[in-house]
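Below you'll find the structure, written out as structure tokens, and then a few comments.
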Amino acid sequence: MIRKLSTGKYRLYSRKKDPKTGKRRNLGTFATRAAAQAHERAVQFFKRR
């Protein structure tokens, strides 16, 4: 899940909520949406290998 921050950057959050905190885990902040999407693809790839 990618959200735009008030600073203009994009943050990648985990798809599922963390059961302990009830919030989504921060998976990195990126300058462009394309960079965030590329990292999301990498995360999904390594999750499934």
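Derivation of every value follows stated rules applied to the coordinates shown; laboratory data play no part. The structure presented is a predicted model; accordingly, all values stated were derived computationally and were not measured. Cβ coordinates were reconstructed from backbone atoms using ideal geometry, including for glycine residues, and neighbour counts include every protein chain displayed.
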As a test of the formula, what do you get for the chain when each DSSP H run with n ≥ 4 contributes -39,500 (n - 2.57) and the sum is divided by the residue count, at 222 nm and rounded to the nearest 500 deg cm²/dmol?
-11000 deg cm²/dmol
Report the residue, chosen from Arg33, Arg11, Arg24, that carries the largest GNM mean-square fluctuation when the chain is represented by alpha-carbon nodes joined by springs under 10 Å.
Arg24
I need Ser14, Ser6 ordered by Cβ neighbour count within 10 Å, fewest first.
Ser6, Ser14
Excluding near-sequence neighbours (fewer than 8 apart on one chain), the chain holds lysine pairs with C-alpha atoms under 21 Å apart numbering 8
Dipole moment magnitude, nearest 20 debye, the chain about Cα centre, only Lys, Arg, Asp, Glu C-beta charged:
220
Fewest Cβ neighbours within 10 Å first, please rank Leu12, Leu27 accordingly.
Leu27, Leu12
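So if I take the alpha carbon set of the chain, get Rg, then get Rh from the Kirkwood formula, what is the Rg over Rh ratio?
Details: Rg = 11.3 Å, Rh = 11.3 Å.
We get a ratio of 1.00 for the chain.
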By the scheme Lys and Arg +1, Asp and Glu -1, what is the net charge of all other residues having a beta-carbon under 9 Å from that of Ser14?
+4
